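Worksheet: one structure, shown below.
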Amino acid sequence: MSESPVSEQPCPVPEAQQPLSLYRELVESWFFRWPCQGDASLGRFLLASWLGVLPISLLVATGSVPLRHDLPRLAVAAAVATLVVPLLLLVRQWLGWTTVLQRLLAERVEYEESGWYDGQVWEKPLAWREQDWLVASHQVRPILGRLQRAIALAAVLLLGGASLCQAL
């Protein structure tokens, strides 16, 4: 059992389902750690994912007969199509961090003792709620803000690139 903020109040929630444990799990995860390390780190990982998929997109774009003979349009179309991958990665990260935020801010924790069919609800004591609120406010919300800015930037680049493809 994990160490609780209030030692006299036993926690029936399995450690893996406690909000702070879920938060720690995301922070330690290779994938979900990207936005924790700042904007520059997040940008590097997204750029690496974009560059990693770009050759595949270029290869797929060469299958288009009109684009095959127009190299600038082919390159722009492949680059724009490749933006979908970082955007999907950002959405997945945003969903994971949003779930943790909701569990941290909730007054009650829903959990399963042994399976999906025996759901229980435990009301957090005040000390747990305060600690969870602090983590949510000072750790998770800045991460979500970073992710929202990155999603907005990726969406703008995708729409701008699609407009550029139409203009060419």
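With both labels modelled 7 Å from their Cα along Cα-to-Cβ, the E107 to S64 distance reads 5.4 nm.
When Rg and Dmax of the Cα atoms in Å is calculated for this entry, the matching label among (1) 17.6, 58; (2) 18.9, 69; (3) 21.5, 74 is (3). Here the residues F31, F45, ranked from fewest to most Cβ neighbours within 10 Å of their Cβ, fall in the order F31, F45.
Taking the number of Cβ atoms within 10 Å of each Cβ as an exposure proxy, the fewest-first ranking of C165, C11 is C165, C11. Within the shell of other residues whose beta carbon sits under 13 angstrom from the beta carbon of D39, the net charge comes to +3, with Lys and Arg scored +1 and Asp and Glu -1. By the count of neighbouring beta-carbon atoms within 10 Å, fewest first, V135, V121 end up ordered V121, V135.
Work through the residues other than L134 whose Cβ is under 14 Å from its Cβ and net out their charges, Lys, Arg +1 and Asp, Glu -1. Net local charge, L134 excluded: +1. Taking every full run of DSSP H in the chain, the ones that stretch at least 27 Å from end to end by Cα along their long axis and average 0.0 or higher on the Kyte-Doolittle scale are 39-61, 84-105, 141-167.
Remark: the A127-L47 segment gains 24.7 nm on full extension, using 0.36 nm per residue and subtracting the alpha carbon distance. Were the residues from E28 through L164 laid out at 0.36 nm apart, the gain over their Cα-Cα distance would be 45.0 nm. Across the chain, the longest piece that holds none of the GluC sites (Glu not before Pro) lying in DSSP loops with up to 16 other C-beta atoms within 10 Å covers 9-106. Net charge in the neighbourhood of A61 (other residues with Cβ under 12 Å of its Cβ; Lys, Arg +1, Asp, Glu -1) is +1.
Quick note: the coordinates plus some simple rules give every number you see, no bench work behind them. Computed from a predicted model, the values in this text were never measured in an experiment. When we count neighbours, we look across all protein chains shown, and the Cβ atoms used for this are built from the backbone with ideal geometry, even at glycine.
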